[in-house]
Amino acid sequence: MLKVGDKVKLNGCPFDDQIAEELLRYIEVKDQIQIVTKVKKTTEYGTSGQWVKTNLMDDWCDKAWFDKI
């Protein structure tokens, strides 16, 4: 489980890369080291059980998209 302050990096594209704006967003952050700013447990079926926000991504994203550094 990730916690606030952890450093992470994307391990894939959590955006819809068929939409130009979302692909550009991914390109901007894909190689950046990010810092977890918020964490939330979730019981939504099919998720890792934790969603996070980072200093570069202010939308909730499944922690499965990130590797801890």
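Which residues, taken from region 34-68, are outside any strand (DSSP E or B) and among the hydroxyl-bearing types (Ser, Thr, Tyr)? Steps first, please.
So in region 34-68, the residues outside any strand (DSSP E or B) come out as 42-49, 55-60, 63-65.
Passing the criteria: Thr42, Thr43, Tyr45, Thr47, Ser48.
When the residues of region 29-56 are narrowed to those that are more than 14 Å from Val4 (Cα to Cα) and surrounded by 15 or more Cβ atoms within 10 Å (Cβ to Cβ), which ends up farthest from the chain's Cα centre (by Cα)?
Ser48
Is it fair to say Gly5 is modelled with pLDDT of 95 or more and surrounded by fewer than 16 Cβ atoms within 10 Å (Cβ to Cβ)?
Details: modelled with pLDDT of 95 or more: yes; surrounded by fewer than 16 Cβ atoms within 10 Å (Cβ to Cβ): yes.
Against the criterion (modelled with pLDDT of 95 or more and surrounded by fewer than 16 Cβ atoms within 10 Å (Cβ to Cβ)), Gly5 qualifies.
Which of the residues belonging to region 11-38 are closer than 13 Å to Asp62 by Cα and either in contact with an Asp or Glu (Cβ under 8 Å, 6 or more places away or on another chain) or among the charged types (D, E, K, R) (or both)? I'd like the intermediate steps shown before the answer.
Kept after step one, since they are closer than 13 Å to Asp62 by Cα, are these residues of region 11-38: 11-15, 36, 38.
Within region 11-38, Asn11, Pro14, Phe15, Val36, Lys38 meet the criteria.
The values are calculated or read from the model by the stated rules, or taken from the named source; none is laboratory data. As the structure is a computational prediction, the values presented were derived from the model and not from experiment. All Cβ positions, even for glycine, are placed from backbone atoms using ideal geometry, and neighbour counts span all protein chains on display.
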